[in-house]
1. Could you work out [θ]222 nm for the chain from helices alone, using -39500 (n - 2.57) per DSSP H run of at least four and dividing by all its residues? Round to the nearest 500 deg cm²/dmol.
2. Straight-line reach from residue 433: which lysines fall under 22 Å, measuring Cα to Cα and dropping same-chain residues less than 8 apart?
3. Beta carbons within 10 angstrom, averaged per residue: use that to sort the peptides 230-240, 53-63, highest first.
4. Please give the peptides 343-350, 295-302 ranked by average Cβ packing (other Cβ atoms within 10 Å per residue), highest first, as a rough proxy for protection.
5. Would you mind giving the three semi-axes, in whole Å and largest first, of the ellipsoid equivalent to the stretch 125-287 according to its Cα gyration tensor?
6. Among the aspartates and glutamates, which have Cα under 13 Å from the Cα of residue 243 when same-chain residues fewer than 8 positions away are ignored?
7. Highest first, please rank the peptides 12-22, 353-363 by the mean number of other Cβ atoms sitting within 10 Å of their residues.
8. Say the cut-off is 30 Å between C-alpha atoms; which of 207/317; 163/327; 166/231; 166/207; 194/251 go over it?
Amino acid sequence: MTRVLIIGSLGGELGQAARMAQLRGARLMQADGVAGAMERLRADGADLALCDLVHDVGWLVAQLAEERIHCPVIACGRNADAAAAVRAIRAGAKEFLPLPPDADLIMAMLQAVAGEPEVPVCQDAAMLALLERAAQVARAEASVLICGESGTGKEVLARHIHKLSKRANGPFVALNCAALPETLMESELFGHEKGAFSGAVAARKGKFEQAEGGTLLLDEIGEMDPRLQAKLLRAIQEREVDKLGGGAPVKVDCRILAATNRDLAEEVRAGRFREDLYFRLNVIALRIPPLRDRPGDIQALAEHFAGRFAKANGLPKRALNAEARIKLAQHAWPGNVRELENTLHRAVLLAQGGAIGAEAIELPVVPHASALPTAPNAPDAVAANKKPVTQLVGQKVEVVERDLILETLTHCLGNRTRAAEILGISIRTLRNKLHEYRAQGLAVPVAPATLPPGFYQNAG
């Protein structure tokens, strides 16, 4: 259930937007102004905030960033408020919602926040069997470990399990364990009291408390620091958390789902992941096959994405012609469903005429993911580095490593998680390397800012 915070009066057109969101399954919260909104977000969190333009949207966005609270802000106002809308977008608002509200537009925004439709789209026998198993275990309270390559839809499956569970009316809270440095992760998980550390200007609930009565997804769990793994294990076992600066443990009640693109059993053998935590999380294991191993899903997903992005961009829904379907079927999809989604978003915008043709399907010319190196010193490293062996001889190892990392990141369209997976290094190591390269004045590949939102989703 998407949690929506309304900032402003519920008596007028913003109230109409709130009711439309509620009718489409959202759980509403309300604050009269941005200061009150921050109090609600510190205490309970939210998936989306709709803020009336009469309030200081820029201050709200800046405060959210300072306190590391992730909540997209959508500015709301009448079309006549064009100048204020532009200022709000420049200040960091994700979108502008014209008032009076449009029901379809609100539904599209809620779906964008949720990330995917309520039921995973699939036709392939392998995925149908996986969904049947997921439905079988959804109503249990046991922890579930979801494995699969980056972009296969692990969070989609986690949300699906939540919606089929006995906790469906509770919140679904997701935390990317690779997105924050270790120094901030403990506060994000367990919460903190005011003054617990520099910058803790107010008490704040952690993800465990925000997920009370619902489900907590720990995404990229394999990237978690070993010290925090011990605290996480205790929180799961004792069903209580110790807030930073707190005087006593706080009882929590949420179901734990974990997701990873790593082989956690191998991580345990290598000493990088606690064995006791692995067994605590791996009560039930669900492995999502990569898109190349479930070809029956390619057309179904492509048609779904084509319809979704046509609606979101106010364009007529167009079918894929035979040439476009053949082109999609022949691609290796190293970026899995995420790559397919971005490809169809682009195709919808570029297509001309009454159908989406092959000319609108723009695909990078890259080798199959399995042909790429799994470590910087792999034998095929020269292929990813795009240099013949004769050009590598005589170069320093760090230079070859740098070129390999940057070329792989380019190949992955800026997706750090996918690049780290291909390179066989942790997302933490990749992040540190990129920081070094930037300090040296080198350009680091990123998703082009000029493309429409959703083309490239940096999961790192």
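Read-outs: derived from the displayed coordinates by stated rules, not from any lab. The structure displayed is predicted, hence computed values, not measured ones. A quick note on method: Cβ atoms are made from the backbone with ideal geometry, for glycine too, and the neighbour counts reach across all protein chains shown.
1. Estimated from H runs of four or more residues: -13000 deg cm²/dmol.
2. 386, 387, 396
3. 53-63, 230-240
4. Highest to lowest by the protection proxy: 343-350, 295-302.
5. Gyration-tensor ellipsoid for the stretch 125-287: 27, 18, 13 Å.
6. Cα-Cα hits under 13 Å: 186, 188, 193, 209.
7. 12-22, 353-363
8. Cα-Cα > 30 Å for 207/317; 163/327; rest within.
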